[in-house]
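To keep things clear, I will list the structure first and then write my remarks on it.
The values are calculated or read from the model by the stated rules, or taken from the named source; none is laboratory data. Quantities reported herein were computed from a predicted structural model and do not represent experimental measurements. Every residue, glycine as well, gets a Cβ built from its backbone with ideal geometry; the counts of neighbours run over all protein chains shown.
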Amino acid sequence: MKVLVIYCKEFSYFPATKTLPEIEAVTSGKTFDNCIVAFIQVESEDEEKELAGREKKLVNHLKWTARKNNTATIVLHSFAHLSESKASIDFTKALFDLAQKRLFNGGYTTEQTPFGYFLDLNINAPGFSLARIWATL
């Protein structure tokens, strides 16, 4: 799994192109303030491991990053452009849903960008060392 986390003063998205026909239609966007946005690529190798273990590793990384950036708002964004390896849609979505639930239960405000869409993104990210963290999990 590859993860690029960016701290944002403001982050917003608007659905641009639907890429998965079976996904429900989304016609509105959303804006978040003082958040981290996790650009996550779940890889095929992740499916060889236990889903719960992958989810726990991701959540621990996101909690650490949120603490370092003094925020309790985490946005999960499926971003299949960090590696050539891609997990199945079902495994990826299940991982995102479990991570969102664990983060919520841990006191974080957590949302996912619309799954199965290319999005128009607006990112207002300050330039300090822990504002951008890349990891292989």
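Of all residues in region 80-99, one or more are touching a strand residue (DSSP E or B) at 6+ places or on another chain (Cβ under 6 Å), closer than 27 Å to THR19 by Cβ, hydroxyl-bearing (Ser, Thr, Tyr) and not in a helix (DSSP H, G or I).
Might you let me know whether region 25-40 holds any residue that is loosely packed, with under 15 Cβ neighbours inside 10 Å, modelled with pLDDT under 95 and over 30 Å from PRO126 (Cβ atoms)? Within region 25-40 (the criterion being loosely packed, with under 15 Cβ neighbours inside 10 Å, modelled with pLDDT under 95 and over 30 Å from PRO126 (Cβ atoms)), the answer is yes, since at least one residue qualifies. Can ASN122 be described as touching a Lys or Arg at 6+ places or on another chain (Cβ under 9 Å), of a type outside the set (D, E, K, R), in a strand (DSSP E or B) and farther than 24 Å from GLU22 by Cβ? Considered against the rule, which asks whether it is touching a Lys or Arg at 6+ places or on another chain (Cβ under 9 Å), of a type outside the set (D, E, K, R), in a strand (DSSP E or B) and farther than 24 Å from GLU22 by Cβ, ASN122 comes out as no. When region 32-50 is limited to residues that are free of Cβ contacts under 8 Å to residues at least 60 places away in the same chain and among the β-branched types (Val, Ile, Thr), the one that is nearest to PHE118 (Cα to Cα) turns out to be ILE40. Any chance region 1-11 includes a residue that's in contact with a strand residue (DSSP E or B) (Cβ under 9 Å, 6 or more places away or on another chain) and farther than 14 Å from ALA131 by Cα? Yes, region 1-11 contains a residue that is in contact with a strand residue (DSSP E or B) (Cβ under 9 Å, 6 or more places away or on another chain) and farther than 14 Å from ALA131 by Cα. Every test in (1) in a helix (DSSP H, G or I); (2) in contact (Cβ under 8 Å) with a residue 60 or more places away in the chain is passed by GLY53 save one, and that test is (2).
Can you confirm whether region 114-126 contains a residue that is at pLDDT 95 or above, under 13 Å from the mean Cα position of the chain (by Cα) and closer than 25 Å to GLU50 by Cβ? No, that holds for no residue. Restricting attention to region 115-129, the residues that are of a type in the set (A, V, I, L, M, F, W, C) and closer than 13 Å to VAL37 by Cα add up to 3.
Flag: TYR117 matches the condition of being more than 16 Å from ILE74 (Cα to Cα) and crowded, with 18+ Cβ neighbours inside 10 Å. For the structure I just gave you, tell me whether ALA94 is among the aliphatic types (A, V, I, L, M), modelled with pLDDT of 95 or more, surrounded by 14 or more Cβ atoms within 10 Å (Cβ to Cβ) and farther than 17 Å from TRP134 by Cβ. So ALA94 passes the test.
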